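Engineer: Have a look at the structure that comes next, please.
The values are calculated or read from the model by the stated rules, or taken from the named source; none is laboratory data. Computed from a predicted model, the values in this text were never measured in an experiment. Here the Cβ is made from the backbone with ideal geometry for all residues, glycine too, and neighbour counts use every protein chain on show.
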Amino acid sequence: PGVAQRVLVTGGAGFIGSAVVRRLVRQGRQVLTYDKLTYAGNLASLGEVHNLPGHSFLQADVCDGQAFRAALHEFRPDLVMHLAAESHVDRSIDGPGDFIRTNIVGTYTLLDESLGYWRSLDGAAQKRFRFHHISTDEVYGTLGDEGLFREDTPYQPNSPYSASKASSDHLVRAWFHTYGLPVVMSNCSNNYGPYHFPEKLIPLTILNALDGAPLPIYGKGENVRDWLYVDDHAAALDLIATRGRLGESYNVGGNNERRNIDVVRTICTIMDRIVPDARIGSREKLITFVTDRPGHDARYAIDATKLKTELGWVPDETFESGIEKTVRWYLDNTAWWEPLKARYDRQRIGLSK
Ligand code: NAD
């Protein structure tokens, strides 16, 4: 269909969404960020791109069909990239309601409104339009020591988060097969990199290690995740949205399987080297094992062959290069994370809502 010039990005103020928006605006495309700005959304993550003429922002909820309809008809996108979601597994265990609402009802609302908009377009615009749904490898459940998730692996979600994302994937698929809405889908492994909210494992480890605070790890730290640098994911999403086959889904992963304990140790080693602190000494001593999360999946690993062979995607970063960049980014960007961390720390110890 050619490169979409007008892109509506839901969740564009979040971790991955902001990487997508920064990339597209810098390429000269017109982008509307559609985001409710929950605790996870932050316009500061858009950096200077927020104020460029190619970018506009609308604070709205994906469950608000009227707001989304108005945004479609006013902005007239040829591509919708849907990243808005409640995304943190621990929060889904404590309070699944928001996950059902945003991830399932919200996706339904966007599909329904996008269908009406798509049908209203003239021939050429109708041919160009695409709806790209962004999802996670957690929908596939858990792996043993062997094997990889492929696009045809059966769905077996284990947490309220992954179950809500699995539901949304099924809705998107159904809107393609039932109504012909031109959709593409992708399921990605764990992302890391700049602008990642301080409650997630990698930023939490970096920031606690900087302070000399305990580095919490679930269980024995043996759970394995397949890590991908966020800008490599954004590049993959750009390719899939532009050149992916309609109705198809693509798995995205960096072939970087690591046990959580090894991720934390790697960060400790990098920080001991670049910000040595005599009062703290070796940061590995700060590692503290905490009671495992219920339903904690043992291993995720992605087979990204389809994306690589069909669309020619190649990630730029190895885990080693990406994690070093990430540590340096957090050290250089205290103004971005300090207010978030203060708010998050207060919430964790129950001082504020
Ligand atoms: P995030 O939590 O950092 O960002 C989510 C964004 O969505 C925030 O800006 C938030 O304000 C917005 N949002 C939440 N509820 C909303 C609502 N009701 N209406 C409008 N906006 C709302 O999430 P992320 O890590 O950037 O993940 C983005 C997408 O990618 C999600 O769909 C997630 O399932 C998927 N994903 C994430 C990862 C990962 O490792 N982070 C991996 C694979 C897939």
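Engineer: Among the residues of region 90-101, are any aromatic (Phe, Trp, Tyr), more than 11 Å from the ligand (Cβ to nearest atom) and buried (at least 16 other Cβ atoms within 10 Å of the Cβ)? Give the derivation first.
Structural biologist: Start the filter on region 90-101 by keeping residues that are aromatic (Phe, Trp, Tyr), which leaves 99.
With more than 11 Å from the ligand (Cβ to nearest atom) added as a condition, the list becomes none.
Checked against the condition, which is being aromatic (Phe, Trp, Tyr), more than 11 Å from the ligand (Cβ to nearest atom) and buried (at least 16 other Cβ atoms within 10 Å of the Cβ), region 90-101 yields no hits at all.
Engineer: May I pose another question? For TYR34, which of the numbered conditions (1) closer than 26 Å to ALA124 by Cβ; (2) surrounded by fewer than 24 Cβ atoms within 10 Å (Cβ to Cβ); (3) within 11 Å of the ligand (Cβ to nearest atom) fails to hold?
Structural biologist: (2)
Engineer: I'm trying to understand the selection: among the residues of region 303-345, which are in contact with a strand residue (DSSP E or B) (Cβ under 6 Å, 6 or more places away or on another chain) and modelled with pLDDT under 95?
Structural biologist: Within region 303-345, no residue meets the criteria.
Engineer: While we're looking at this one, here's another question. Of all residues in region 1-31, which are surrounded by 19 or more Cβ atoms within 10 Å (Cβ to Cβ), small (Gly, Ala, Ser) and farther than 26 Å from ASP90 by Cα?
Structural biologist: ALA4
Engineer: Something else: Please indicate, with yes or no, whether at least one residue in region 197-216 is within 16 Å of the ligand (Cβ to nearest atom) and under 29 Å from GLN30 (Cα atoms).
Structural biologist: Yes, region 197-216 contains a residue that is within 16 Å of the ligand (Cβ to nearest atom) and under 29 Å from GLN30 (Cα atoms).
Engineer: From the list VAL172, VAL230, pick out the single residue that is within 16 Å of the ligand (Cβ to nearest atom) and in contact with a Gly (Cβ under 6 Å, 6 or more places away or on another chain). Reasoning before the result, please.
Structural biologist: Values: VAL172 fails: in contact with a Gly (Cβ under 6 Å, 6 or more places away or on another chain).
Result: VAL230 is the single residue among VAL172, VAL230 that is within 16 Å of the ligand (Cβ to nearest atom) and in contact with a Gly (Cβ under 6 Å, 6 or more places away or on another chain).
Engineer: Look through THR107, THR38, THR102, THR33 and report the one residue that is β-branched (Val, Ile, Thr), modelled with pLDDT of 95 or more and in a strand (DSSP E or B). Outline the logic, then answer.
Structural biologist: Details: THR107 fails: in a strand (DSSP E or B); THR38 fails: in a strand (DSSP E or B); THR102 fails: in a strand (DSSP E or B).
One residue alone meets the criteria, THR33.
Engineer: Run down ILE261, ILE240 and say which single residue is modelled with pLDDT of 95 or more, more than 21 Å from the chain's Cα centre (by Cα) and either over 19 Å from GLY193 (Cα atoms) or assigned to a helix (DSSP H, G or I) (or both).
Structural biologist: Values: ILE240 fails: more than 21 Å from the chain's Cα centre (by Cα).
Criteria check complete, one pass: ILE261.
Engineer: Find the residue count for region 281-324, including only residues that are buried (at least 20 other Cβ atoms within 10 Å of the Cβ) and of a type in the set (Asp, Glu).
Structural biologist: 2
Yes/no per residue for (1) at pLDDT 95 or above; (2) in a loop (DSSP other than H, G, I, E, B); (3) crowded, with 20+ Cβ neighbours inside 10 Å:
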site: GLY147; (1), (2), (3): no, yes, no
site: THR153; (1), (2), (3): yes, yes, no
site: THR178; (1), (2), (3): yes, no, no
site: SER186; (1), (2), (3): yes, no, yes
site: PRO216; (1), (2), (3): no, no, no
site: ARG225; (1), (2), (3): no, no, yes
site: ASP232; (1), (2), (3): yes, no, yes
site: ARG245; (1), (2), (3): yes, yes, no
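A quick yes/no check of all residues on (1) closer than 30 Å to ARG328 by Cα; (2) under 19 Å from the mean Cα position of the chain (by Cα); (3) among the aliphatic types (A, V, I, L, M):
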position: LEU115; (1), (2), (3): no, no, yes
position: TRP118; (1), (2), (3): no, no, no
position: ILE134; (1), (2), (3): yes, yes, yes
position: VAL139; (1), (2), (3): no, yes, yes
position: TRP175; (1), (2), (3): no, no, no
position: PRO182; (1), (2), (3): no, no, no
position: GLY193; (1), (2), (3): yes, yes, no
position: PHE197; (1), (2), (3): yes, yes, no
